[in-house]
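**Q** A single structure is presented below for examination.
Every read-out reported here was derived from the displayed coordinates using simple, explicitly stated rules and does not represent laboratory data. Remember, it's a predicted structure, so these values are computed and weren't measured experimentally. Backbone-built Cβ (ideal geometry, glycine too); neighbour counts: all protein chains shown.
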Amino acid sequence: MSTPLIRPNVLELEPYSPGKPIEEVKRELGLSDVIKLASNENPLGPSPRAIEAAIRAMQTVNLYPDGSCFELRQAVAKHLGVPSECLLFGNGSDELIHYIGLTFLMPGDEVVTGDPSFVRYEAAAKLNNAPLHLVPLREHRFDLSAMLERVSERTKLIFIANPNNPTGTIVTAQEAEAFMSALPGHVVVVWDQAYQEYVSRPDYPDTLRYVREGRNVIVLRTFSKAYALAGLRVGYAVARADIIDAMNRVREPFNVNSVAQAAALAALEDQEHLRRAVELNRQGLEYLYQHFERLGLRYVRSEANCVMVDMGRDSQPVFQSLLRKGVIVRTGHIFGLPTYLRVTTGKPEENERFICALEEVLQA
Ligand SMILES: Cc1ncc(COP(=O)(O)O)c(C=O)c1O
């Protein structure tokens, strides 16, 4: 029997399915005015200082970027209070999830995560032939006790999105603590904190502490969400220096481009803009909650920039009707929650437009 041309586990991967682009919806439905509340993007836009820095950096794109992200690394290290050797930058945290799979997963290793959660953990496991244990969320939250029960001597990686995507929920400091103290030493825990800047709850865990304590922990953060640089692709990992050194061997030499590095540095320095983005999101969530309650719709309180709302019936027709009104959201089908819609907070006028459209659709 001849060997297959393509690795069978590659053919098992599902290509990533992004939120529907605005231009596609305009084209397909003949609409001129479309809003997208589907991809957890930041409606405020980037800091003007980040935009200026990006434009300035364009003048030197004839040169390769600094592969080590020196300046950005120093600034993030100072911002977090961690040594700069404990940081690795990626072309979005997506790339770092990919690197984590490549760095750690050996034949026989297994991966544990929650379900539903961010789909790229599954891709990292499958690409490396690692069996994946999906542990159902409990009341829309990561169920750390149930995940602990799935841990065996074969478990190598555990991915925890905190806050979770799509549910926006968090595990608390107390839950994280109980989990981390019960976990055997051979497991690496990835705390994916893509949405952490939005969190308002005081019982949110400080996972950098585990890095400082020398645990097998990788904390992932990104400039895509609250810092509004999704299009430039900058994320970073915080971990023990030996873990970072290993992942750095896997890293593509120039994985974060120079425009992105300059913009991320300027965005980090503009904490006032970040606060505005976080406040806009808080107001957006409150507005959505208030109207979901008025419309009698159940929803999941969120610490991120998206909220799951239950239509109480198949959400696909609601999604389609919203599309025809020029409002793009996500259906819960992709997350195994077929009665839900996931809505990203938008600008106030976008949130209002979504609620008006939803009300019309539900009344029709
Ligand atoms: C939980 C989570 N992790 C990581 C990412 C990827 O973010 P990035 O843009 O940094 O690749 C996302 C994006 O939606 C996410 O929801």
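**Q** Using the charge dipole of region 48-270 (Lys, Arg: +1 at Cβ; Asp, Glu: -1 at Cβ; taken about the Cα centre), state which of G108, A264, A161 has its Cα farthest towards the positive end.
**A** The residue sitting most towards the positive pole is A264.
**Q** What is the magnitude of the charge dipole of the chain about its Cα centre, with +1 placed on the Cβ of each Lys and Arg, -1 on the Cβ of each Asp and Glu, and no other charges, expressed in debye to the nearest 20?
**A** Working: 39 positive and 45 negative charges, 49 e Å.
Charge dipole, the chain, about its Cα centre: 240 debye, nearest 20.
**Q** Shape of region 1-115 from its Cα gyration tensor (a ≥ b ≥ c, root eigenvalues): rounded if a/c is under 1.5, otherwise prolate when a/b > b/c, or oblate?
**A** Values: a/c = 1.89, a/b = 1.07, b/c = 1.76.
It comes out oblate by the Cα gyration axes.
**Q** Order these peptides, 135-147, 324-336, 165-177, 289-301, by their mean beta-carbon neighbour count within 10 angstrom, highest first.
**A** For the peptides 135-147, 324-336, 165-177, 289-301, the packing ranking is 165-177, 324-336, 135-147, 289-301.
**Q** Among S93, S200, S258, S2, what is the fewest-to-most ranking by other Cβ atoms within 10 Å?
**A** Ascending number of Cβ neighbours within 10 Å: S2, S200, S258, S93.
**Q** Three principal axis extents, largest first, for the C-alpha atoms of region 280-328, in Å?
**A** 28, 22, 18
**Q** If amide H atoms are built 1.01 Å from N in the plane of the peptide, which residues on other chains or at least 5 residues away come under 5 Å of the amide H of V217?
**A** Those qualifying (amide H under 5 Å, at least 5 residues apart or on another chain) are V189, R240.
**Q** Now, a different point. Among K225/K325; K78/K347; K26/K225; K325/K347, which pairs are too far apart, with a Cα-Cα distance over 21 Å?
**A** Working: K225/K325 26 Å; K78/K347 32 Å; K26/K225 25 Å; K325/K347 17 Å.
K225/K325; K78/K347; K26/K225, as the Cα separations exceed 21 Å there.
**Q** Taking the Cα centre of each part, how many Å lie between region 67-115 and region 280-321?
**A** What the calculation gives is 32 Å, centre to centre.
**Q** Mind checking which of M106, M247, M308 has the largest fluctuation in a GNM of the chain, springs on alpha carbons under 10 Å?
**A** M106
**Q** Taking θ = phi - 60°, what integer Hz values does the Karplus form 6.51 cos²θ - 1.76 cosθ + 1.60 yield along region 212-217, in sequence order, with x for Gly and Pro?
**A** Values, residue by residue: 4, 7, x, 6, 7, 9 Hz.
**Q** Kindly write out, for region 140-155 in residue order, the coupling ³J(HN,Hα) from the Karplus curve 6.51 cos²θ - 1.76 cosθ + 1.60 (θ = phi - 60°), rounded to whole Hz, with x marking Gly and Pro.
**A** Ordered by residue, 3J(HN,Hα) equals 6, 10, 3, 9, 5, 5, 5, 5, 4, 5, 7, 6, 10, 5, 8, 5 Hz.
**Q** Using amide H atoms built in the peptide plane, which far-off residues or other-chain residues are under 5 Å from A38 H to H?
**A** T344
**Q** Here is a follow-up. What number, in percent, do you get for the relative contact order of region 9-148 if the mean sequence gap of Cα pairs under 8 Å and at least 6 apart is divided by its residue count?
**A** Reported relative contact order: 20 percent.
**Q** Only helical DSSP H runs with n ≥ 4 go in: add -39500 (n - 2.57) per run for the chain, normalise by residue count and round the 222 nm mean residue ellipticity to 500 deg cm²/dmol.
**A** Mean residue ellipticity at 222 nm (helix-derived): -12000 deg cm²/dmol.
**Q** Each residue of region 220-234 in turn: what ³J(HN,Hα) in whole Hz from Karplus with 6.51, -1.76, 1.60 and θ = phi - 60°, glycine and Pro shown as x?
**A** Ordered by residue, 3J(HN,Hα) equals 10, 9, 8, 8, 6, 9, 5, 7, 6, 10, 3, x, 8, 6, 9 Hz.
**Q** Sequence gap at least 6, Cα distance under 8 Å: using those rules, report the relative contact order of region 48-270 to the nearest whole percent.
**A** Numbers: 416 pairs, mean separation 67.1, N = 223.
Relative contact order for region 48-270 comes out at 30 percent.
**Q** Test of understanding: ordering Y16, Y210 by Cβ neighbours within 10 Å, fewest first, what list do you get?
**A** Values: Y16 9, Y210 22.
So the residues, fewest neighbours to most, are Y16, Y210.
**Q** Could you check how many percent of all C-alpha pairs in the chain are farther apart than 32 Å? Display every interim value, and only then the final one.
**A** Details: 22215 of 66066 pairs.
Percentage above 32 Å: 34.
**Q** To the nearest µm²/s, what D does Stokes-Einstein give for region 230-278 at 10 °C and 1.306 mPa s, using the Kirkwood radius over alpha carbon pairs as Rh? Kindly include the intermediate steps, with their values, before the conclusion.
**A** Details: Rh = 12.7 Å.
Answer, rounded: 125 µm²/s.
**Q** Among C356, C306, C69, which comes first, second and so on when ranked by fewest other beta-carbon atoms within 10 Å?
**A** Fewest-to-most Cβ neighbours within 10 Å comes out as C356, C69, C306.
**Q** What does a probe at L29 reach in region 339-364, counting residues whose amide N is under 18 Å from the point 7 Å along Cα→Cβ?
**A** Once the point is set 7 Å along Cα→Cβ of L29, 340-347, 349-364 turn out to lie under 18 Å by backbone N, inside region 339-364.
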